[in-house]
Amino acid sequence: MSAFLYEENWLKWSFEIRKEKKKNYDFAYYVYQDERIIERIWYKEASKCEEILIKPIYSGAYKIRLFIRENKKIIFNEISSTLWIDTLHEKQIMTTFPSQKIFFTPN
């Protein structure tokens, strides 16, 4: 599992699955903005290396919850770290404390 990043105006999270014979793997994910689910991607077949790409439209706090299934049984359920994205200035805002909140105002 790689770090959850904001690069070139895209949110990126990649992962690898060590596939075993006779086992089917698939994955799904939820995209959260400001603690609300804004997109649900249902299960699709997983290749060895996968990358989730999301283009944020609005400024806010983004994170992803990833689910991986093996033969229809969930074996992985993890949520990424939170990234604060300022889409107006196309940059990530760094925070000092884990529960720190950032408020955006229109210009």
Value of relative contact order over region 6-78, rounded to a whole percent, pairs C-alpha under 8 Å and six or more apart: 38 percent
Using the structure shown, list the pairs from Lys19/Lys72; Lys19/Lys73; Lys19/Lys63; Lys21/Lys48; Lys22/Lys72 with a Cα-Cα distance above 19 Å, or answer none. Lys19/Lys63
Mind checking the per residue accessible area of region 1-87 for me, 1.4 Å probe, whole number of Å²? 63 Å²
Between [x] 2, 11, 22, 22, 17, 11, 8, 4, 2, 1, 0, 0; [y] 2, 13, 24, 24, 21, 12, 4, 1, 0; [z] 2, 10, 17, 16, 13, 10, 10, 8, 7, 4, 3, 0, which entry matches P(r) over Cα pairs in 5 Å bins from 0, in percent as derived from the coordinates of this structure? [x]
Heavy atoms only, probe 1.4 angstrom, no DNA, RNA or ligands counted: give me Thr96, Thr82 ranked by accessible area, highest first. Thr96, Thr82
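Around Asn24, with a cut-off of 13 angstrom between Cβ atoms, what is the net charge of the other residues, counting Lys and Arg +1 and Asp and Glu -1?
Spelling it out: positives minus negatives among the neighbours equals +4.
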For a quick check, take a GNM of the chain with Cα springs below 10 Å and name the residue from Phe76, Phe15, Phe97 with the largest mean-square fluctuation. Phe97
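The values are calculated or read from the model by the stated rules, or taken from the named source; none is laboratory data. Remember, it's a predicted structure, so these values are computed and weren't measured experimentally. Cβ atoms come from the backbone with ideal geometry, glycine included; neighbour counts cover every protein chain shown. For the accessible areas, the whole protein counts, side chains as well, though only heavy atoms, and no ligand, DNA or RNA atoms are used. Shrake-Rupley method; radii C 1.70, N 1.55, O 1.52, S 1.80 Å.
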